[in-house]
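Worksheet: one structure, shown below.
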């Protein structure tokens, strides 16, 4: 079996920036174990698997170690592939996923995702978290991920987490460390060693929590965000109440075939 395969750098307009996502276009179902093996072989933070239905696509995401319930950059990557290489007339696409129906709309070179809002709630800071991150924590909140408020953008940029210690935090899928921005509304970095991702370069799903968090603090529905990883990422955010809109650019790095 041959599977069409693409690597798309999302939340950037430059290759080697943003977050690289693998996108696999399936013509028929394959076994879950094969999807996990492909994701492990690709060794990207996420690989997306798409299969066309009547008027939508089924979409699943795998890290090198586990299937996950929501991924932003691989969703933008999937829409980018469909709209540029499968159906250039397409301006909007719907995906059925483990997090319900998601959609992506294209306007010029911006791909905007409609995702669920996951407002984080205050929680007790887990033991070892401050030591694992190496920073003073101002607030800790929880949704799917832990949301950690840092003092300023420079603190976020300079962080050098202890990933071995961070992986010992119980019941923690990922940690998003955030602060107010200097040349944008807010910044963040995202770490998920328990999912096989020490640092994710540009993370759409964490913004499902960061958008309502910063909307309350800044009093703004539309915001710009930057992820301060080595690759960097730029995201265009909007709070929609029960939903959020997360937009970004994307660029193709690779196209080819997987032999399964």
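Ranked by the mean number of other Cβ atoms within 10 Å of their residues, highest first, the peptides 142-148, 87-93, 230-236 fall in the order 142-148, 230-236, 87-93.
Normalised by the number of residues in the range 121-239, the average gap of Cα pairs under 8 Å and 6 or more apart makes the relative contact order 20 percent. Estimated at 0.36 nm per residue, the fully extended path between residue 127 and residue 171 surpasses their Cα-Cα distance by 14.6 nm. Label sites at residue 15 and residue 101, each approximated as a point 7 angstrom past Cα along Cα to Cβ, lie 3.7 nm apart. Would you mind checking the tilt of helix 32-42 against the longest principal axis of the Cα atoms of the chain, expressed as 0 to 90 degrees and rounded to 10? For 32-42 against the chain, the angle is about 70 degrees. When each of the peptides 210-222, 37-49 is scored by the mean number of other C-beta atoms lying within 10 Å of its residues, the order from highest to lowest reads 37-49, 210-222.
What's the center-to-center distance, using Cα atoms, between the range 92-124 and the range 192-224 in Å? One Cα centre to the other: 12 Å. Relative to the longest principal Cα axis of the chain, at what angle does helix 207-218 sit, 0 to 90 degrees, rounded to 10? Approximately 40 degrees, to the nearest 10. Here the calculated FRET efficiency for residue 258 and residue 159, from their Cβ-Cβ distance with R0 = 30 Å, stands at 0.25, rounded to the nearest 0.05.
A protection proxy built from the mean count of other Cβ atoms within 10 Å ranks the segments 94-104, 25-35, most packed first, as 94-104, 25-35.
Every number in this text was worked out from the coordinates using simple rules, so none of it is lab data. Because the structure is predicted, anything quoted here is derived from the model rather than measured. In this analysis, Cβ positions are derived from the backbone assuming ideal geometry, glycine residues included, and neighbour counts consider all displayed protein chains.
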